[in-house]
């Protein structure tokens, strides 16, 4: 079995966003913990492993069409940790509680991830995003 390095794991993470979240079943440790401040009041401690990471993607895409997730790996690549800067963009499709944005409005915001990758598996995931900017664009506040 080939063990993936940190950069390869990130490439598959991006592929999960654009093509198929089931990729995460192969590259996520069952005990993987998610560390994320959420604007919807949900706890990230409720789920672990691939299902938790899939939930992040599904939650992010639930209110948007034509999602484009651009990721630049670095500036930290120091085994077992790797960071990446990202930009999320998509067309708002409505339905988010409290949002006043018009359907079809293009929304974009940025963030940064840190993943702990050991033996080719994601063991920990930290995400920090500009949720305030996201909510401003959606007209929540």
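What follows is calculated from the coordinates using simple rules that are stated; it is not laboratory data. Computed from a prediction, not measured in an experiment: that's the story for all the values here. Ideal geometry is used to build each Cβ from the backbone, glycine not excepted, and the neighbour counts take in all protein chains shown.
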Next item on the list: Evaluate the distance, in nm, between pseudo-label points positioned 7 Å from the Cα of residue 76 and of residue 8 along their respective Cα→Cβ axes.
Entry: 2.4 nm
Item checked: Within the chain, helix-based [θ] at 222 nm, where runs of 4 or more DSSP H residues each add -39,500 (n - 2.57), nearest 500 -> -7500 deg cm²/dmol
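Per the Kirkwood formula on distinct C-alpha pairs, the Rh of the chain is how many angstrom?
Values: mean 1/r = 0.0644 Å⁻¹.
For the chain, the Kirkwood estimate is 15.5 Å.
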Next item on the list: Find how much the distance from residue 15 to residue 136 grows on full extension, using 0.36 nm per residue of separation minus their present alpha carbon separation; answer in nm with one decimal.
Entry: 40.7 nm
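Full-extension gain between residue 43 and residue 65, please, as 0.36 nm times their residue separation minus the C-alpha to C-alpha distance.
Details: separation 22, 0.36 × 22 = 7.92 nm, distance 2.49 nm.
Full extension of this stretch gives 5.4 nm more.
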Next item on the list: May I ask you to derive the relative contact order of the chain, considering only C-alpha pairs under 8 Å and at least 6 residues apart, and to give it as an integer percent?
Entry: 25 percent
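Would you mind ranking 13, 86, 126 so that the residue whose beta carbon has the fewest other beta carbons within 10 Å leads the list? Each step should come with its number before you reach the end.
On the way: 13 26, 86 19, 126 15.
Ordered by Cβ neighbours within 10 Å, fewest first: 126, 86, 13.
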Item checked: Coarse-grained scattering of segment 40-113 at q = 0.16, 0.26 Å⁻¹, given as base-10 log I(q)/I(0) from a Debye sum over alpha-carbon atoms -> -0.73, -1.22
